[in-house]
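Reviewing the structure listed below.
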Amino acid sequence: MRKSTSKIHINKIVFIGGLLLFCIIIGRLIYLNLSPTIDGINLSKFAKNRNTTKETLYATRGTIYDKNDEVLAETVDSYTVIAYLDSSRSKNSTKPKHVVDKRETAKKLSPLINMTEDRIFTLLDQNGLYQAELGPGGRGLTELQKEQIEKLNLPGIDFIASSKRYYPNLDFASYLLGYVTTDDDGNTIGEMGIESKFNEELTGVNGSVTYEQDASGYRLMNIPEIRIEKEDGYDIYLTIDSNVQLMTERALNNEFQNSGGEWAIFVVAEAKTGKIIASATKPSFDPNKKNITNYLNPLVSTSFEPGSTMK
């Protein structure tokens, strides 16, 4: 019985071809690992130019309302004034995009950001800086303040948008509401009162967006992003009645000034349910300014005899 020489010959060709292809692939991999340049492209520089950037999508802190849906604490837009100092920003532009007249710019900004003209000029007159932040007066500006500055049409003046906690009634149930601080990562943390007690519920969950950018910091549009949506915090509704609270604050303030006492409290409760309708404490503070002299609320931190009020 004769063997098929043609079949053996074909099998040898397939084997040799596969082995050759394998060797080519291995050789290519070795070349890619050892060679700094492939097809005229420096792989090391190319990798460095494709930077992965991850930005945090901050959750909006929940709003605190009274029983009539009146806002007691909310998160509002906030702005920081910055000035572009480097003349290169105006390159190839028909209009200047950097600060040209530093003294005039400082003079016009001074009354709007509560800083002296000389202090602003010092910040603007810094050599070697591309841009400068005009703080502290230029931080935490409202939308109205931003619009006032924009109307001046000052070259090189711009804004960085952020947010801040705002208490529209100022010195109003401050120990009850509390206030917030900001950590190094930009997260708000409740301190005292409702802001602290329900901090987790109010905070929500931050999201993120991850994308590629080139060496100049521009986003690479043809590469898909990885996006995790944020979850805003829950709103909280109190039993406080702002109208009753306002009258309580006024009455307590008058009595406190006339009595000369060290501290005073005034609480209004609904007789049938025990719901707190108003709660005022003196001395108090403005949560926007955090001008606190005593971090202990006398209502819950001091023992006293209620007497006939409980009958």
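The values are calculated or read from the model by the stated rules, or taken from the named source; none is laboratory data. Computed from a predicted model, the values in this text were never measured in an experiment. Note that each Cβ is placed from the backbone with ideal geometry, even for glycine, and that neighbours are counted across all protein chains shown. All accessible areas refer to the heavy atoms of the entire protein, side chains included, with ligands and DNA or RNA removed. Shrake-Rupley method; radii C 1.70, N 1.55, O 1.52, S 1.80 Å.
Would you pick out the residues in the range 169-213 that are touching a helix residue (DSSP H, G or I) at 6+ places or on another chain (Cβ under 7 Å), without any contact (Cβ under 8 Å) to a residue 40 or more places away in the chain and open to solvent by 40 Å² or more (accessible area, probe 1.4 Å)?
Across the range 169-213, the qualifying residue is only 189.
Can you tell me which residue is nearest to residue 240 (Cα to Cα) among those in the range 255-275 that are touching a Pro at 6+ places or on another chain (Cβ under 9 Å) and of a type in the set (A, V, I, L, M)? Spell out the reasoning first.
The initial filter retains those residues of the range 255-275 that are touching a Pro at 6+ places or on another chain (Cβ under 9 Å), namely 256, 262-265.
Next, only the ones that are of a type in the set (A, V, I, L, M) stay: 264-265.
Values: 264: 19, 265: 15 Å.
My answer is 265.
List the helices (runs of 4 or more DSSP H) inside the range 172-279, counting only whole elements, that have at least 1 residues being within 18 Å of residue 66 (Cα to Cα) and within 24 Å of the chain's Cα centre (by Cα). Quick ask: steps written out before the conclusion?
Numbers: elements: 174-177, 193-197, 199-203, 242-259.
Of the helices (runs of 4 or more DSSP H) lying wholly inside the range 172-279, those with at least 1 residues that are within 18 Å of residue 66 (Cα to Cα) and within 24 Å of the chain's Cα centre (by Cα) span 174-177, 193-197, 199-203.
Just one of 149, 120 is closer than 30 Å to residue 60 by Cβ, of a type in the set (A, V, I, L, M, F, W, C), part of a helix (DSSP H, G or I) and touching a Leu at 6+ places or on another chain (Cβ under 7 Å); which is it? Outline the logic, then answer.
Details: 120 fails: closer than 30 Å to residue 60 by Cβ.
Exactly one of 149, 120 is closer than 30 Å to residue 60 by Cβ, of a type in the set (A, V, I, L, M, F, W, C), part of a helix (DSSP H, G or I) and touching a Leu at 6+ places or on another chain (Cβ under 7 Å), namely 149.
For the range 141-168, how many residues are open to solvent by 50 Å² or more (accessible area, probe 1.4 Å) and over 30 Å from residue 298 (Cβ atoms)?
Taking the range 141-168 and keeping what is open to solvent by 50 Å² or more (accessible area, probe 1.4 Å), we get 142-145, 147-148, 150-153, 158, 160-164, 166.
Retained after the next criterion (residues that are over 30 Å from residue 298 (Cβ atoms)): 142-145, 147-148, 150-153, 158, 160-163.
Adding up the residues that qualify gives 15.
Is there a residue being out of contact with any Leu (no Cβ under 9 Å at 6 or more places or on another chain), of a type in the set (A, V, I, L, M) and modelled with pLDDT of 90 or more anywhere in the range 230-244?
Initial filter on the range 230-244 (out of contact with any Leu (no Cβ under 9 Å at 6 or more places or on another chain)): 231-232, 237, 239, 241, 243-244.
Narrowing the set further to residues that are of a type in the set (A, V, I, L, M) leaves 244.
Right, trim to modelled with pLDDT of 90 or more and you get 244.
Yes.
Yes/no matrix, rows are residues, columns are (1) in a loop (DSSP other than H, G, I, E, B); (2) open to solvent by less than 60 Å² (accessible area, probe 1.4 Å); (3) at pLDDT below 90; (4) in contact with a Phe, Trp or Tyr (Cβ under 7 Å, 6 or more places away or on another chain):
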{"residue": "77", "(1), (2), (3), (4)": "no, no, yes, no"}
{"residue": "80", "(1), (2), (3), (4)": "no, yes, no, yes"}
{"residue": "97", "(1), (2), (3), (4)": "yes, no, no, yes"}
{"residue": "100", "(1), (2), (3), (4)": "yes, no, no, no"}
{"residue": "107", "(1), (2), (3), (4)": "no, no, no, no"}
{"residue": "132", "(1), (2), (3), (4)": "no, yes, no, no"}
{"residue": "139", "(1), (2), (3), (4)": "yes, no, yes, no"}
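Just to be sure, is residue 282 modelled with pLDDT of 85 or more and surrounded by 14 or more Cβ atoms within 10 Å (Cβ to Cβ)?
Numbers: modelled with pLDDT of 85 or more: yes; surrounded by 14 or more Cβ atoms within 10 Å (Cβ to Cβ): yes.
Yes, satisfied.
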